[in-house]
Amino acid sequence: MTIYEVGPRDGLQNESAIVDVAVKAEFIRRLIDAGLSTVETTSFVHPKWVPQLADAAELLAGLDLPAGVRAPVLVPNERGIDRALEAGVREIAIFASATETFAAKNLNSTLDDQFAMFTPTVQRALGEGLAVRGYVSMCYGDPWEGDVPIDQVVKVGARLVELGCHELSLGDTIGVATPGQVRALIAAFGAAGVGVEKLAVHFHDTYGQALANTLTALREGVTTVDSSAGGLGGCPYAESATGNLATEDLLWQLDGLGIETGVDLEKLVSTSGWMATQLGKPSASRVVQALAG
Ligand code: HMG
Ligand code: MG
């Protein structure tokens with residue numbers, strides 16, 4: 001079971017206030033100290049598109065990551081991979097859209113043209129020996145287009161795998177999925193030759209379904225789950241997106257199921273409480289609310 005922590009990236013990209021680079025570094029240090037061994041730290045996207053993460057190079061230069069910790073970053077294009085390589089990154093994630101409208105809004109591209117951007121980016125990354133994860137966004141619903149045809153999602157994901165992504169993270173960007181859809185999508189990927197060992201799940205919790213969806217994915221055999229400390233998260237280019245599945249809520253469930261993660265829940269709750277104070281608002285995580293008070 002791998003917990004893929006996205007708080008510093010998905011969480012902080014969506015805050016209206018720009019968090020100081022020293023606070024970001026402290027957040028990442030504390031997440032690692034709590035036992036999280038995969039932490040998506042930041043994005044090398046256009047700094048005007050996501051000013052919250054414009055300090056990516058400075059942040060990474062100041063981090064002293066312990067051996068064995070994976071610290072992937074988001075990269076959309078060739079300029080992004082240049083910047084990531086300069087910063088010494090060893091693992092990246094590209095992020096595709098399953099819909100035409102979100103490709104336009106999030107990547108200034110089209111459903112087809114996004115691959116023209118990703119192909120040389122992934123080739124360069126693989127050539128440099130980097131691991132590449134692929135996200136697919138709007139897997140279960142899109143705020144502008146409504147339902148998203150499952151074949152369209154699978155087609156986008158399968159193309160990312162063909163490009164050389166070792167893992168596909170299926171994004172419920174706006175948090176509308178329900179368990180039946182999750183089961184159906186995992187089965188559709190399986191039928192297309194992309195088995196559960198290649199899949200990760202990424203739920204936002206807008207409609208309170210993230211934990212139920214996660215449990216469904218675990219039962220289908222998925223072993224990598226994305227989550228965000230304190231339930232921070234969202235996407236600045238999909239306004240209806242709220243926070244991610246909270247890492248603390250996920251841990252509570254996994255502990256109850258007897259699944260070992262090596263993460264110290266108390267330390268994590270204290271980290272999210274500290275981060276909430278920094279951001280000046282309470283944590284969205286139910287477990288943080290229950291344990292911190
Ligand atoms: P564009 O404006 O079309 O870029 O943006 P361009 O290729 O036309 O280039 C324009 C200028 O930007 C050029 O500079 C480039 O060098 C520069 P100029 O020649 O004019 O001086 N540029 C860059 N500078 C720095 N870093 C770069 C970069 N790229 C170009 N990487 C682009 C296209 C893809 C760059 C833009 O749309 C972008 O940055 N989008 C990112 C949006 C984003 O980060 N969204 C949130 C992450 S996705 C998400 O949250 C979903 C997820 O969590 C999963 C889920 O929940 O579903 C992952
Ligand atoms: Mg997300």
Taking the stated definitions as given, is S169 polar (S, T, N, Q), over 22 Å from V19 (Cβ atoms), modelled with pLDDT of 95 or more and crowded, with 24+ Cβ neighbours inside 10 Å?
-> yes
Note on the stretch 158-172: residues among the acidic types (D, E) and either in contact with an Asp or Glu (Cβ under 7 Å, 6 or more places away or on another chain) or away from ligand 1 (no atom under 11 Å from the Cβ) (or both) are E162, E167
Looking only at the stretch 89-109, which residues are assigned to a loop (DSSP other than H, G, I, E, B) and either under 15 Å from Y237 (Cβ atoms) or in contact (Cβ under 8 Å) with a residue 60 or more places away in the chain (or both)?
-> A98, T99, N108, S109
Matching option when the condition is more than 17 Å from P236 (Cβ to Cβ), within 14 Å of ligand 1 (Cβ to nearest atom), hydrophobic (A, V, I, L, M, F, W, C) and open to solvent by less than 10 Å² (accessible area, probe 1.4 Å), among A57, A84 = A84
Residues satisfying the stated conditions in the stretch 205-235, i.e. within 15 Å of ligand 2 (Cβ to nearest atom), small (G, A, S) and not in a loop (DSSP other than H, G, I, E, B) = A210, S227, S228, A229, G230, G231
Going through (1) open to solvent by 10 Å² or more (accessible area, probe 1.4 Å); (2) within 11 Å of ligand 1 (Cβ to nearest atom); (3) over 25 Å from V154 (Cβ atoms) one by one, S228 fails only at (1)
Given (1) in contact (Cβ under 8 Å) with a residue 40 or more places away in the chain; (2) open to solvent by 50 Å² or more (accessible area, probe 1.4 Å); (3) within 16 Å of ligand 2 (Cβ to nearest atom), number of the condition R159 does not satisfy | (3)
Hey, can you tell me all the residues within the stretch 116-147 that are open to solvent by less than 10 Å² (accessible area, probe 1.4 Å) and in a helix (DSSP H, G or I)?
-> F118, T121, V122, A125
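The values are calculated or read from the model by the stated rules, or taken from the named source; none is laboratory data. Worth saying up front: this structure is predicted, and the values here are computed from it rather than measured. Cβ atoms come from the backbone with ideal geometry, glycine included; neighbour counts cover every protein chain shown. Ligands, DNA and RNA are stripped out before the accessible areas are found, and what is left, the full protein with its side chains, is counted by its heavy atoms. Shrake-Rupley method; radii C 1.70, N 1.55, O 1.52, S 1.80 Å.
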